[in-house]
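Q: What follows is a structure written as structure tokens; I'll ask about it next.
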Amino acid sequence: MKKDRRKSSRQLASDWNSSHEKSISARTVRRRLFNAGYKSYTTKREPYRKPSHCSARLKFAKQCSDWNFSNWKTVLFSDESHFEVFNRKNKSFVRCLPSESDKPFNLQPRVQGGGGSINVWGIMTAKGVAPLVLSCSSSLL
């Protein structure tokens, strides 16, 4: 089970039954996993980050580590988020201990797009935030 945490109880039972003489049911697999502390969770989704993204963020943090407030007053942070309205079909489940729910092997990378969507854009400075700018896809109009 630890090799592939996304396998269903039916798949785990089938794997067991193909390699052992005594067969077990999917219900038995679920009971045994639950008794061992494993619960079934929906995989958490996180933005996909390339190694180049991570190194660029680290480089920025190192460059700005000794900045004071007057340096930060000249910076404008901008961010855009994309929210899918209709595409909720691709949930997957994973079995893990409660303490393992945020481990990388329990996360499902996501790729944005598909279905109706709304884009939200905003900025933040030392003086405050600007109003959000909303943009809807044509499928929502």
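Read the figures in this text as sums done on the coordinates, not as results from a lab. A quick note: this is a predicted structure, and the numbers were derived from the prediction, not measured. All Cβ positions, even for glycine, are placed from backbone atoms using ideal geometry, and neighbour counts span all protein chains on display.
Q: What pairs from Lys7/Lys103; Lys44/Lys127; Lys7/Lys59; Lys62/Lys103 go past 28 Å between their alpha carbons?
A: Lys44/Lys127; Lys7/Lys59
Q: In what sequence do Tyr41, Tyr48 fall when counting other Cβ within 10 Å, fewest first?
A: Fewest-to-most ranking of Tyr41, Tyr48: Tyr48, Tyr41.
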